[in-house]
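One structure below.
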Amino acid sequence: MEASDKPGDSQDIPFTPEKHTSYLLALDKSLDSDAIGHYTNEHLKLPGAYWCIGSLKLLNALTEERKKEITLFIKGCQQECGGFGGNVGHDPHVVTTLYALLILSMFDEVDAIDKDRMATFIASHQKEDGSFKGDYAGEVDTRFSYSALSCLKLLNRLDLINQEKARDFILSCLNIDGAFGGVPGAESHAAYTFCSIGALKILGDEDLIDRDKLGSWLAKRQTIQGGFNGRPEKLPDVCYSWWILSTCFMIDRQDWIDFKALKEYVMRCSDVEQGGISDRPGNEVDVFHTFFGLTALSMMDQYGLEKIDHVYAIPVSTIKRHFPHVYQ
């Protein structure tokens, strides 16, 4: 599909949920075991399932046709330690463990796995300074803090960790511009800022930051094309539609964003003929950007999409059904 990168050209671009659904349902068929893509993306099977299933859920198109098969696959990714790898036989990781919980909740299969072992695995990855390592290798950044805290909050097991130290590590990543890096002293970045604010929100400590200062930094990420970039002087990318807009909602600064321009950018990145959403107009679509494009449209109450929670990245209805304590 030909697409323009000029703002204002999306007035006649229709939203085609049936095309997006067809694209998402066909993803499995595009990667057979002999294709090079199978080997380069093998470790992303569980994350890819989350992006695909999450997209279908937002489109109100998730059926139970493959529920049993997918649930068995997720269960097969859980290791003896309680954590989940990105595929069967892969090493467990904090991030993929969260994905497993989110997928199962959307399929109403939360009780299919050992949640106590899952929570113990997550808690065991907190370090002395309050940060979380992602896996046995020991890498630390705020992605893992957010993933760990989100998982434990949904499981109602934040009591297993030192919450004060977890908060202090996040705050140590705060920069002079009001945004956050992945580790102390690192450059501010939109995705790490989402992780940091999400973590503070889960802990109930989001009021410790300067909302106006951060809101200004976030609003400045909206480019002339309507989409957001992740850092100053970078190109816009659909995935930041989630990272930035959700953060604005968390600090109650969503009114500082031009919703109309953002919607138009997402629509210019959509393939109305084959389905899917790309990072930028005219590029190839993929499941990652399809999910984050749909989340942005959901947050802006567009096209009757299922309403997504801007902290936990699953539908509000799913949280109310399986994790009601989150809203209490």
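Against the test of being without any contact (Cβ under 8 Å) to a residue 60 or more places away in the chain and touching a Ser or Thr at 6+ places or on another chain (Cβ under 9 Å), the options Leu160, Leu154 yield a single qualifying residue, Leu160. Taken together, the residues in the range 55-88 that are in a loop (DSSP other than H, G, I, E, B), farther than 23 Å from Thr120 by Cβ and not hydroxyl-bearing (Ser, Thr, Tyr) amount to 7. Exactly one residue among Asp91, Asp111 is out of contact with any helix residue (DSSP H, G or I) (no Cβ under 7 Å at 6 or more places or on another chain), open to solvent by 50 Å² or more (accessible area, probe 1.4 Å) and part of a helix (DSSP H, G or I), and that residue is Asp111.
Can you find a residue in the range 32-44 that is among the hydrophobic types (A, V, I, L, M, F, W, C), at pLDDT 95 or above and not in a loop (DSSP other than H, G, I, E, B)?
As a first pass, look at the range 32-44 and keep what is among the hydrophobic types (A, V, I, L, M, F, W, C): 35-36, 44.
Filter once more, so that each one left must be at pLDDT 95 or above: none.
So far as the range 32-44 goes, no, none of its residues is among the hydrophobic types (A, V, I, L, M, F, W, C), at pLDDT 95 or above and not in a loop (DSSP other than H, G, I, E, B).
Please tell me if Tyr265 is more than 14 Å from the chain's Cα centre (by Cα) and among the aromatic types (Phe, Trp, Tyr). Explain how you work it out, then say what you get.
Numbers: more than 14 Å from the chain's Cα centre (by Cα): yes; among the aromatic types (Phe, Trp, Tyr): yes.
For Tyr265, the condition - more than 14 Å from the chain's Cα centre (by Cα) and among the aromatic types (Phe, Trp, Tyr) - is met.
Screening Glu233 against (1) touching a residue at least 12 places away in the same chain (Cβ under 8 Å); (2) part of a loop (DSSP other than H, G, I, E, B) leaves a single unmet condition, (1). For the range 5-31, taking the residues that are open to solvent by 90 Å² or more (accessible area, probe 1.4 Å) and in a loop (DSSP other than H, G, I, E, B), the one that is modelled with the highest pLDDT is identified as Asp12. Hey, can you tell me all the residues within the range 122-146 that are in contact with a Gly (Cβ under 9 Å, 6 or more places away or on another chain) and open to solvent by less than 10 Å² (accessible area, probe 1.4 Å)? Those that are in contact with a Gly (Cβ under 9 Å, 6 or more places away or on another chain) and open to solvent by less than 10 Å² (accessible area, probe 1.4 Å): Ile122, Asp141, Thr142, Phe144, Ser145. Quick check on the range 171-193: of everything there that is more than 19 Å from Asp129 (Cβ to Cβ) and touching a strand residue (DSSP E or B) at 6+ places or on another chain (Cβ under 9 Å), which residue is most open to solvent (accessible area, probe 1.4 Å)? Among those that are more than 19 Å from Asp129 (Cβ to Cβ) and touching a strand residue (DSSP E or B) at 6+ places or on another chain (Cβ under 9 Å), it is His189.
Considering Gly226, Gly230, which residue is surrounded by 17 or more Cβ atoms within 10 Å (Cβ to Cβ), over 25 Å from Tyr303 (Cα atoms) and either touching a Cys at 6+ places or on another chain (Cβ under 7 Å) or not hydroxyl-bearing (Ser, Thr, Tyr) (or both)? Write out each step before concluding.
On the way: Gly226 fails: over 25 Å from Tyr303 (Cα atoms).
Just a single option satisfies the conditions, and that option is Gly230.
What are the residues in the range 197-230 that are on the phi > 0 side of the Ramachandran plot and without any contact (Cβ under 8 Å) to a residue 12 or more places away in the chain, if any? Please lay out each step first, then the result.
Filtering the range 197-230 for residues on the phi > 0 side of the Ramachandran plot gives 204, 226.
If the condition is that a residue be on the phi > 0 side of the Ramachandran plot and without any contact (Cβ under 8 Å) to a residue 12 or more places away in the chain, then Gly204 is the only one that fits.
Contact map, the range 287-307: residues that are free of Cβ contacts under 8 Å to residues at least 40 places away in the same chain paired with residues that are of a type in the set (Ser, Thr, Tyr) and part of a helix (DSSP H, G or I), Cβ distance under 7 Å, separation 6+ or inter-chain. Pairs shown: Lys307/Ser298.
For Ala100, indicate whether it is open to solvent by less than 50 Å² (accessible area, probe 1.4 Å), under 14 Å from Ala148 (Cα atoms), in a helix (DSSP H, G or I) and in contact with a strand residue (DSSP E or B) (Cβ under 7 Å, 6 or more places away or on another chain). Yes: the conditions hold for Ala100. Looking at the range 188-203, is at least one residue closer than 17 Å to Phe249 by Cβ, modelled with pLDDT of 95 or more and not in a helix (DSSP H, G or I)? No, that holds for no residue.
The values are calculated or read from the model by the stated rules, or taken from the named source; none is laboratory data. Treat the numbers as computed from the prediction; the structure is a model and nothing was measured. Note that each Cβ is placed from the backbone with ideal geometry, even for glycine, and that neighbours are counted across all protein chains shown. In case anyone asks, the SASA skips ligands and DNA or RNA and just uses the protein heavy atoms, side chains included. Shrake-Rupley method; radii C 1.70, N 1.55, O 1.52, S 1.80 Å.
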